[in-house]
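Here is the structure we will look at.
FYI, it's all coordinate maths here, none of it is from the lab. Quantities reported herein were computed from a predicted structural model and do not represent experimental measurements. Here the Cβ positions follow ideal geometry from the backbone for every residue, glycine too, while neighbour counts run over all protein chains shown.
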Amino acid sequence: MDFVEIEKKWNKKWEEDNLYRFDDKNLKDKFYLLEMFSYPSGANLHLGHWWNFGLSDSFGRFKRLQGFNVFQPMGFDAFGLPAENYALKTGIHPEDSTKHNIAVMEKQLRELGATFNWENELVTCESEYYKWTQWLFVQLYKHGLVYQKEAPVNFCPHCNTIIANEQVVNGHCERCESEVLHKNMKQWFFKITDYAERLLEGLDNIDWPEKTKSLQRNWIGKSVGAEVDFYTEDGTKLTVFTSRADTLFGVTFLVIAPENPLTEKLVKEEFKKAVDEYVLQATKKDEIERTSTTTPKTGVFTGTYVINPITGEKVPVFVADYVIATYATGVVMGVGAHDARDFDFAKKYGLEIKRVICDKNGKEQELPYTEYGKLVNSEEFDGLSSEEAKVKIVEKLEKIGKGRYKTNYRLRDWSVARQRYWGCPIPIVYCPHCGIVPVPEKHLPVVLPHVTDYKPEGEGPLGKCEEFINTTCPVCGAKARREADTMDTFVDSSYYMLRYPQSHYCDDEIFSKDYVNQICPVDCYVGGIEHATGHLLYSRFITKFLKDIGKLDFEEPFKRLVHQGMILGSDGKKMSKRNSSKTADDYVYTFGSDALRLHMMFSLKYLDGGIWADDGIKHMKAFMERIERICVKWAKLEGDCDVYGDSEKALEFALNRTIKDYAENFETFSFNVAVARLMELVNAMYKYDAEEKKNVALCKKVMKDLIVLLAPPAPHFAEELWEEIGEKYSVHNQKYPQFDASKVMLDTVEIAVQVNSKIVARIEVGADDSNDQVLQTVKSDEKVSELLNGKTIVKEIVVPKRLVNLIVK
RNA sequence: GCCGAUGUGGCGGAAUGGCAGACGCACGGGACUUAAAAUCCCGAGGAUGAAAGUCCGUGUGGGUUCGACUCCCACCAUCGGCACCA
């Protein structure tokens, strides 16, 4: 069989026949399978693409065999820095290069022979799509979830733009690895923090990898505690947040962040110079230096004292850069005895360290002691446990109006403006009379103009485009200017899964509620774990928002999430041209795409990934030829020989075990085991083939079931073989073979009766057909007592029959 | 420091608490062949033994159990994430 040829042939035919059309009238059995869409980077499809798209396509084909009406759309995340940087490098306009790249990638994706629903293709840089990105912005704005604020932002000097927290990796830009600067700039934010609690709670009800859930929990960073108000002598209030209200009696100083606006107010005249100098220095320090836990703590005294609301004690206030201005109140109470950082700080500046917690047994432990324990030196709270004291102390603070329960989240609001050209324009107009005005829905989209000067220079390049920037106020009609920034591409991708079902079939709204509620949420989402705290969090936020404004009935966009592992080059690093000597095409043109898929499935665990090794791919081709040989041979068998003995039982066992395990392993993306079962079945067929007399009907059945099972991992091969054995087109319309449990119940079960740790009897019990696991009922009670012969049963243990002999002997 | 994952032959990797190493690669042997390739069949964790067999084996040490790769506790190693978040 010429695999390369047949692949061309069938790809063409399937496309002509539109074999995988999604039936939008039959939504009862719909299955929405989605792979994270990609950037049209212009590179050729590489092995990583095959790994991602090819294998999850096989999963989709498997669901089809099971009778699901699979919706598997494909599109492109076409805005954004990669596309733009590529354009800057080549001198070709982003729009042109993007369009070209999409055409190239689309062609290759089609060659992959995947069952994508191309009629729903979606491209985020087309106005047909980004109209709704802007609509979304306006809705968020109208619901008070968008605001503009002068804020310290992450600024990448190389990309010349602000980037989100999620895009900063160890203080460096995730794209170009330049060191990120901190600037104060006017910024647009989405108030994702309003959804922090719901984003946390929602994790409990979705089928996602625990790892990813914990990454998100970590990122959201819920911290339950209390706020406590400290007042200066002249009545300025300093509120601290603490999760350890039980240590309030141990406070010996307060620390305020250098950037906290209150800092300036607090400083006493004679300390001003020192403090100003310190603040200046602190803001100059780079992120790494400042947030490193190993950097020694520094700080200066402000000259101000505050009163501890519960003890009445006077404690000094320091400025120190180990306190973060943007978290909670930006002020921290210093408890040297029970916090490692405060301990270091107190030691360094000779501040008092006051023990207020002993261990659970009341023993004094070495300081700093940061565990929970029992209170001491805390007046009426002495003897309480930390847990009890946290409640009692806050209750008392509430009574005197100087404290309250408070929950904080580490999650920050989402910074969404980018000072770049190649993105979705922010639909905002600045009017001299009306101020900030969102563009009315009926005026959308605000079309991104085709400009030639799109070099990023720290401000939105659109500001230089007069035709774009000058407009009139939608409210009063006065001359006004448009916002020059564009949106973060994560906004584009935060709702695309909801737009896919109607990407071209719904012009007057983002989607029609009734229809999308039937198709969404996504039943299975496949993509890399690197988006755990970015795209996957944003999408959840936006979906919750759309539910809140009545557009959806559900609030989690992805029911099930699966992360493929990464496929690595021989050096153990991420695949690149340098470490992979061969491209996907090399394999496709030598062995065929089916052999490539099968090999990828079999040779590594899909969820773990690993180092790509191509030895073995030629054997995969040989394996396919081995299948072809026996199928061609068995297809020619004639007559009605119906022998039925142990050999036939063994073959039936192999078939049914494969049918069962294959499905189970496909379901969990354990493709390596699924393919192994196919190999076992083929081995069993060869073994049976050695029989003089063969049960012809059984042979034909096994052969046909095998070919059907081959359809997901080797679609072209299975189709060709199906035709070769004289079956009707198409194998892809077949049903998943029926599993017959009775054929694999070779093990009956015995109960071994144990007396004084010796097994004295074993009783055979009947197999229960309705349950293919093992526990059954005892057939005869008399038999038990007979065997026991008056002894007392200490214990009965259920073991598979094949093991009883081993235990007894 | 905190959180999470992983640890099984030369390699990729299997095992609802029940014969550890399925399936495959690499390896060895046989059949076919003048020969090679291809194909088909067989072998293979380690130690010991002529062999049947016996002993040891799933990172380490304990525990639960008739029985542990699997469950529990402690530890070691590797990888990933977060990290002065009060």
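Observations
- Relative contact order of chain A: 13 percent, from C-alpha pairs under 8 Å at least 6 residues apart in sequence.
- Whether chain A is rounded, prolate or oblate, judged on the alpha carbon gyration tensor where a/c under 1.5 counts as rounded: oblate
- Kirkwood hydrodynamic radius of the range A:109-197, from inverse mean 1/r over distinct Cα pairs, in Å: 16.2
- In degrees, nearest ten, helix A:593-603 long axis to first principal axis of chain A (Cα): 70
- Dipole check for the range A:1-144: with +1 at the C-beta of Lys and Arg, -1 at the C-beta of Asp and Glu, and the Cα centre as origin, the magnitude is about 360 Debye.
- With neighbour counts taken as other beta-carbon atoms within 10 Å, the residues A:R175, A:R61 rank, fewest first, as A:R175, A:R61.
- Given +1 at the Cβ of Lys and Arg, -1 at the Cβ of Asp and Glu and no other charges, the dipole of the range A:303-417 around its Cα centre is 280 debye to the nearest 20.
- Contact order relative to length of the range A:453-570, as percent, for alpha carbon pairs under 8 angstrom and 6 or more apart: 22
- With respect to chain A, whose longest principal axis is taken over its alpha-carbon atoms, helix A:210-220 is tilted by about 10°.
- Residues of type lysines that A:K363 reaches as a straight line, Cα spacing below 18 Å, ignoring anything fewer than 8 places off in the same chain: A:K354, A:K374
- Calculated [θ] (222 nm, deg cm²/dmol) that DSSP helices of n ≥ 4 give over chain A, each run adding -39,500 (n - 2.57): -10500 deg cm²/dmol
- Length gained when the stretch A:S41-A:E15 is fully extended (0.36 nm per residue, less Cα-Cα span): 6.8 nm
- The range A:620-731: relative contact order as a whole-number percent, Cα under 8 Å and 6+ apart: 31
- In terms of surrounding Cβ atoms within a 10 Å radius of their Cβ, A:E395, A:E111 rank from fewest to most as A:E395, A:E111.
- Counting every other Cβ atom within 10 Å of each residue's Cβ, A:S494, A:S742 order from fewest to most as A:S742, A:S494.
- Whether the range A:87-235 is rounded, prolate or oblate, judged on the alpha carbon gyration tensor where a/c under 1.5 counts as rounded: prolate
- Set of aspartates and glutamates near A:K392 by C-alpha distance (under 12 Å), chain-local residues within fewer than 8 positions excluded: A:D246, A:E380, A:D382
- Straight-line reach from A:K9: taking Cα to Cα under 14 Å and skipping same-chain neighbours fewer than 8 places apart, the aspartates and glutamates in range are A:D17, A:E111, A:D594, A:E719, A:E720, A:E723.
- Positive end of the dipole of chain A (Cβ unit charges, origin at the Cα centre): among A:L145, A:W219, A:T452, the Cα lying farthest that way belongs to A:W219.
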